[in-house]
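Input: a single structure, listed below in structure tokens.
The values are calculated or read from the model by the stated rules, or taken from the named source; none is laboratory data. Here the structure is a predicted model, which means the values were calculated and not measured. Cβ: placed from backbone, ideal geometry, glycine included. Neighbour counts: every protein chain shown. Ligands, DNA and RNA are stripped out before the accessible areas are found, and what is left, the full protein with its side chains, is counted by its heavy atoms. Shrake-Rupley method; radii C 1.70, N 1.55, O 1.52, S 1.80 Å.
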Amino acid sequence: MTDIQAGEAAAGTAAAGRSGDRPEVPAIELDAVSKEYLSHGETVRAVKDVTLSIAEGEFFSLLGPSGCGKTTTMRMIAGFEEPSSGTVRLHGRDVTDVPPNKRDVNMVFQSYALFPHMNVWDNVAFGLKRKKVPDAEIKRRVGEMLEIVDLKGREKRRPREMSGGQQQRVALARALVNRPRALLLDEPLGALDLKLRQQMQIELKRIQRDVGITFVYVTHDQSEALTMSDRIAVMNDGVVEQLADPREIYERPASAFVAGFIGTSNLISGEVVATSGDLATVRLGERGRVLVNGASRRQGDTVRITVRPEKIKILLGEPDGQVSAVPGTVSEVVYLGTYNSYAVTLDSGAEVTVFEQNANDSTSTAERGDSVWLSWQPHHSYAIGS
Ligand code: ADP
Ligand code: MG
């Protein structure tokens with residue numbers, strides 16, 4: 001057993017966290033946390049009444065557009081910023097008034113600021129040396145950490161002799177070697193190009209699994225958050241709009257904002273004209289119908305429904321059975337390699353996007369100008385509140 005695994009076992013963390021059998025005390029808790037800045041005489045409400053709880057060993061992401069309050073939230077967890085109101089707890093302890101260096105968390109930023117004149121080994125060992133950790137232990141811990149981030153054999157390199165991805169891994173090793181109980185990462189891959197970023201996403205996830213500590217990850221990139229996270233808090237304008245696992249966020253967006261921010265989504269609204277069992281029928285234009293889970297719907301209700309582009313089938317004739325069926329005209333077909341993207345203008349005037357996988361050699365089922373029917377299963381219609 002490596003030291004890191006031992007640490008993990010002692011903390012009783014990752015394995016339990018992932019199996020769903022979470023220990024009772026969360027790693028990080030925000031309780032009604034708000035932050036207001038005074039900027040040029042005006043009050044900026046950066047974070048508004050955020051309450052959330054992050055489990056030990058969890059890979060947790062804060063996702064949202066620029067300016068929504070992600071960094072401010074992280075800085076309050078790290079202790080660089082004091083909440084205007086509310087409580088921050090780490091492992092059950094109220095740390096709202098505890099300075100950053102007395103909190104058991106470490107933060108990694110986009111600009112990772114390695115010491116340029118030090119080689120990889122010395123960069124990673126720096127914190128331990130300063131804490132006067134015995135040499136033999138430094139040797140063991142740094143060696144172990146370089147192995148985890150896959151930089152063994154590169155100990156003597158200077159930062160400028162390494163790629164951006166390698167430098168980021170040095171920064172990660174430097175933070176992790178201190179064995180924080182949680183690591184906070186604020187857009188750490190933002191400076192890397194797409195290909196490298198995608199590789200690092202998988203790397204980061206693996207490293208997190210290996211060391212077993214809590215990662216809180218800030219990103220504005222939805223695919224990044226979906227790829228890596230156990231759970232995601234989607235933020236908008238200082239507020240958490242939805243907190244759920246990636247599948248739930250994607251399949252069941254809680255608001256129009258989440259539906260629009262995560263992937264491509266179609267938003268359709270119409271009136272409930274009938275309910276039967278647990279299905280409600282929503283009328284769309286003259287001939288269209290959308291089926292949605294209707295346990296709590298009543299005739300006459302107006303509902304807003306999202307449906308993902310890849311759930312919709314394009315048919316040349318009207319479909320039978322318990323499916324949504326909406327007529328329209330293909331207004332655009334875009335070939336995108338692995339799939340085609342269709343824009344279909346419904347008879348009701350709305351525009352719907354449909355993705356169709358290029359699974360076989362056949363070219364697209366429909367062409368621009370074709371009259372078609374769109375069809376999807378009732379459980380792929382998801383009604384949203386706002
Ligand atoms: P994000 O990280 O999601 O891009 P931030 O947390 O950095 O968002 O910022 C949230 C809001 O708070 C923005 O409107 C930003 O301009 C404002 N803000 C952040 N830091 C300060 C500060 N030190 N002084 C004044 N306003 C700030
Ligand atoms: Mg930020």
So for the pair Thr365, Thr227, with labels modelled 7 Å out along Cα→Cβ, what separation do we get in nm?
-> 3.1
Collect residues whose amide H, placed 1.01 Å from N in the peptide plane, falls under 5 Å from the amide H of Asp301; neighbours closer than 5 in sequence don't count.
-> Val272
Solvent exposure of the chain as accessible area per residue, Å², 1.4 Å probe | 48
Under the Karplus curve 6.51 cos²θ - 1.76 cosθ + 1.60, θ = phi - 60°, whole-Hz ³J(HN,Hα) for segment 226-242, x wherever Gly or Pro sits | 5, 5, 9, 7, 6, 9, 10, 9, 8, 9, 8, 6, x, 10, 7, 7, 7
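Between beta-carbons, use under 10 Å as the cut-off and find the net charge around Phe60, counting Lys and Arg +1, Asp and Glu -1. Display every interim value, and only then the final one.
On the way: positive: Arg231; negative: Glu58, Asp230.
Neighbourhood net charge equals -1.
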With each label point set 7 Å from Cα along the Cα-Cβ vector, what nm distance links Arg283 and Glu144?
-> 6.9
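Shape verdict for segment 30-100, please, from the Cα gyration tensor: rounded (a/c under 1.5), prolate (a/b greater than b/c) or oblate. Walk me through the numbers before you get to the answer.
Details: a/c = 2.12, a/b = 1.39, b/c = 1.52.
Because a/c hits 1.5 or more and a/b fails to exceed b/c, segment 30-100 counts as oblate.
Excluding Ile314 itself, calculate the net charge of residues whose Cβ lies under 11 Å from the Cβ of Ile314, where each Lys or Arg counts +1 and each Asp or Glu counts -1. Intermediate values should be presented prior to the final figure.
Working: positive: Lys313; negative: Glu356, Glu367, Asp370.
Local net charge: -2.
Could you tally the net charge around Tyr335, taking each other residue with its Cβ under 13 Å from the Cβ of Tyr335, Lys/Arg +1 and Asp/Glu -1? Spell out each step's value before the answer.
Values: positive: Arg368; negative: Glu332, Glu356, Glu367.
Charge balance near Tyr335 sits at -2.
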Could you pull out the pairs from Lys131/Lys156; Lys129/Lys205; Lys70/Lys132; Lys152/Lys205 whose alpha carbons sit more than 30 Å apart here?
-> Lys70/Lys132
Once the in-chain neighbours fewer than 8 apart are removed, the lysines whose Cα is under 20 Å from Lys311 read none
State the antiparallel share, in %, of DSSP beta bridges confined to the chain, rounding to the nearest 5.
-> 75
Here the gain from full extension of Lys132 to Asp245, 0.36 nm per residue of separation minus their alpha-carbon distance, amounts to 36.6 nm
Per DSSP loop assignment and a cutoff of at most 11 other beta carbons within 10 Å, the chain keeps its longest run without exposed GluC sites (Glu not before Pro) at 25-285
With R₀ set to 30 angstrom, the calculated FRET efficiency between the beta-carbons of His40 and Thr96, to the nearest 0.05, is 0.65
Quick one: Cα centre-to-centre distance for segment 237-276 and segment 294-347, in angstrom?
-> 16
